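> To start, I am sharing the structure in question, which I have written as structure tokens.
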Amino acid sequence: RKEVEQDPGPFNVPEGATVAFNCTYSNSASQSFFWYRQDCRKEPKLLMSVYSSGNEDGRFTAQLNRASQYISLLIRDSKLSDSATYLCVVNMKAGNTGKLIFGQGTTLQVKP
Amino acid sequence: EPEVTQTPSHQVTQMGQEVILRCVPISNHLYFYWYRQILGQKVEFLVSFYNNEISEKSEIFDDQFSVERPDGSNFTLKIRSTKLEDSAMYFCATKGGIEAFFGQGTRLTVV
């Protein structure tokens, strides 16, 4: 079983749509969780950390379900500029230490 | 906004040659990482570095790879004898807290 698993997509949605991405992770001992965004041939950029209580940043909402080992990202009112690959990322360790384990990414294409 | 800087942005090298990839971390960050991404594949962890020593490394990080922080600012990844399969984007990342920030990457092409 993959350590971090995502549906690769692509998700093709019209502007203004709401889209949701899901991610599962295999190790129940995982401590911290993130969504990164990656544009073609660019570096991953931190979109948001994911907290157990759920958190929101503008049009983006992230949820974590530790019992199901499941992370989600919801994007409301999609913009053309949201087109990118969204990476689900997990860290086994709390605090500053530990390596990041990446999913293979979910590709989003927002069309006019 | 502080950022992680990597040089060169692109390196072409012949098989068997040594390459050194350089990274300038965000100042006051103490945890440093190298990741790589082969075209079309996921980002993979190579090595983590803290307090001037390797804290963790992956199976990919074999004897051909080494890291150091020679002058207290640059953080380098050396590949001693490059192979065709080393062709990838190499990303440096640094952490001051729980969140990691990535450099823009070095695209390494081994021919």
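> Exactly one condition in (1) assigned to a strand (DSSP E or B); (2) at pLDDT 95 or above is false for B:Gln17; which is it?
Against the list (1) assigned to a strand (DSSP E or B); (2) at pLDDT 95 or above, B:Gln17 comes up short only on (1).
> So A:Ser28 fits all but one of (1) more than 21 Å from B:Ala100 (Cβ to Cβ); (2) within 14 Å of chain B (Cβ to nearest Cβ); what number is the exception?
(2)
> Still on this structure, please answer the following. Pairs, please: C-beta under 6 Å, at least 6 apart or cross-chain, first residue surrounded by 12 or more Cβ atoms within 10 Å (Cβ to Cβ) and in segment A:49-77, second of a type in the set (Ser, Thr, Tyr) and assigned to a loop (DSSP other than H, G, I, E, B)?
Pairs that qualify, where the first residue is surrounded by 12 or more Cβ atoms within 10 Å (Cβ to Cβ) and the partner is of a type in the set (Ser, Thr, Tyr) and assigned to a loop (DSSP other than H, G, I, E, B), are A:Leu64/A:Ser52; A:Arg76/A:Thr18.
> Now a separate question. Return the only residue of A:Leu74, A:Leu46 being over 22 Å from B:Tyr31 (Cα atoms) and among the aliphatic types (A, V, I, L, M).
When all the criteria are applied, what remains is A:Leu74.
> Another question, if that's okay. For the subset of segment B:86-102 comprising residues that are in contact (Cβ under 8 Å) with a residue 12 or more places away in the chain and either over 23 Å from B:Asp62 (Cα atoms) or among the hydroxyl-bearing types (Ser, Thr, Tyr) (or both), which member is farthest from the other protein chains (Cβ to nearest Cβ)?
Among those that are in contact (Cβ under 8 Å) with a residue 12 or more places away in the chain and either over 23 Å from B:Asp62 (Cα atoms) or among the hydroxyl-bearing types (Ser, Thr, Tyr) (or both), it is B:Ser87.
> So which of A:Lys45, A:Lys2 ends up being surrounded by fewer than 17 Cβ atoms within 10 Å (Cβ to Cβ), in contact with a strand residue (DSSP E or B) (Cβ under 9 Å, 6 or more places away or on another chain) and not in a strand (DSSP E or B)?
Testing whether each residue is surrounded by fewer than 17 Cβ atoms within 10 Å (Cβ to Cβ), in contact with a strand residue (DSSP E or B) (Cβ under 9 Å, 6 or more places away or on another chain) and not in a strand (DSSP E or B) leaves just A:Lys2.
The values are calculated or read from the model by the stated rules, or taken from the named source; none is laboratory data. The model shown is predicted, which means the values in this text are computed figures rather than measured ones. Neighbour counts run over all protein chains shown; Cβ positions are idealised from the backbone, glycine included.
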